[in-house]
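The values are calculated or read from the model by the stated rules, or taken from the named source; none is laboratory data. Here the structure is a predicted model, which is why all the values come from computation and not from measurement. Here Cβ is always computed from backbone atoms with ideal geometry, including for glycine, and neighbour counts include all displayed protein chains. Areas reflect the complete protein model, heavy atoms only, side chains present, ligands, DNA and RNA absent. Shrake-Rupley method; radii C 1.70, N 1.55, O 1.52, S 1.80 Å.
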Amino acid sequence: MAKKGEDVNGMLEGYLKELHLPAFRSGYQELARQALQEGLSFEQFLLGLAQRECQERHHKRVQRLLHDSRLPPEKSWTALDLKRLPPKVVQQARTLLEGSFLDRHENVLVFGQPGSGKTHLLSALGQELVRAGRKVLFRKCGLLVQELLAAKRDLKLPAVLKRLGGYEGLILDDLGYVQQSREEMEVLFLLLAERYERGSVLLSSNLPFSGWEAIFKDPMTTAAAIDRLVHHSVILELNIPSYRAEAARKARQGRAAPPTPESPGSGGGKDGAVG
């Protein structure tokens with residue numbers, strides 16, 4: 001207990017700094033005044049401080065996880081046009097938001113034509129999982145394969161695979177665009193094998209399973225990769241038109257639309273110009 005005449009605030013600031021309680025330090029005076037005004041008990045005052053500290057720590061953790069995830073920030077859940085998606089996919093996606101599939105090490109496989117929204121859907125799901133405190137990493141499949149190849153050449157592949165294993169969810173975007181050499185195929189297959197029943201893979205592809213031999217080159221390796229991904233998985237099929245194609249068509253229609261004739265007596269701007 002502090003003795004009479006001692007600098008209580010100064011001592012408290014020092015202890016809170018030593019204990020790494022920044023939200024306590026920044027908020028205890030304000031909450032103390034509020035507790036005095038509202039007649040709160042010491043326990044209620046302490047509870048308010050503890051809640052503020054936990055909220056602040058959660059916020060900082062989420063911001064750190066979002067930064068580390070490399071998720072595209074603009075592809076958020078609020079920006080996702082759910083009306084374009086098939087009702088079944090919307091239902092599946094809402095269930096995945098709960099995040100328990102990560103605890104079961106289940107995979108999420110999203111198929112659809114280019115422009116159908118696969119990347120946005122996985123990115124939006126990843127952001128919501130991160131906000132719930134989950135560790136997720138987003139990578140373009142082709143770029144990650146090149147990093148794995150470089151790590152293999154530098155004899156650092158086990159260390160890189162171990163680092164990737166620290167993420168509960170690994171988003172591999174655009175598998176169908178990867179034109180694998182045999183060496184590239186091998187490191188990608190090794191990654192999938194390492195994560196099998198140890199961590200979730202969230203994967204998007206414009207190729208159905210029947211076209212994956214073009215990626216893995218070898219029928220047996222292709223079958224083994226598909227088997228590992230599908231064994232514990234949720235499959236989302238976006239059988240919808242390309243969003244970019246739809247936007248381009250609407251833009252062309254807008255440019256081609258004839259001007260709307262003005263009704264008699266309609267007012268214009270200065271000197272009769274339309275505003």
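From largest to smallest, the equivalent ellipsoid semi-axes obtained for the stretch 174-242 from the alpha-carbon gyration tensor read 19, 16, 10 Å.
Computed in the context of the full set of protein chains, the accessible area of the chain at 1.4 Å probe radius has 55% of its extent on carbon or sulfur.
Each of Met185, Met11, Met220 has its accessible area taken with a 1.4 Å probe; listed largest first, they run Met220, Met11, Met185. For the stretch 158-231, the solvent-accessible area of protein heavy atoms averages 45 Å² per residue (probe radius 1.4 Å; ligands and nucleic acids excluded). Each 5 Å bin from zero holds the following percent of Cα-Cα pairs in the stretch 1-109: 2, 9, 11, 14, 14, 9, 8, 9, 9, 7, 4, 2, 1, 0.
Centre-to-centre separation between the Cα atoms of the stretch 57-101 and those of the stretch 156-172: 21 Å. Seen through its C-alpha gyration tensor, with square-root eigenvalues sorted a ≥ b ≥ c, the stretch 1-65 comes out oblate because a/c lies at 1.5 or above while a/b is not bigger than b/c. Seen through its C-alpha gyration tensor, with square-root eigenvalues sorted a ≥ b ≥ c, the chain comes out oblate because a/c lies at 1.5 or above while a/b is not bigger than b/c.
Rounded to the nearest Å, what's the spacing between the alpha carbon centres of the stretch 196-216 and the stretch 222-237? Just the number, please. A separation of 7 Å, based on Cα centres.
Packing-based ranking of 126-135, 62-71 yields 126-135, 62-71, ordered from highest to lowest mean Cβ neighbour count within 10 Å. Accessible area per residue for the stretch 96-149 is 32 Å², calculated with a 1.4 Å probe on protein heavy atoms, without ligands, DNA or RNA.
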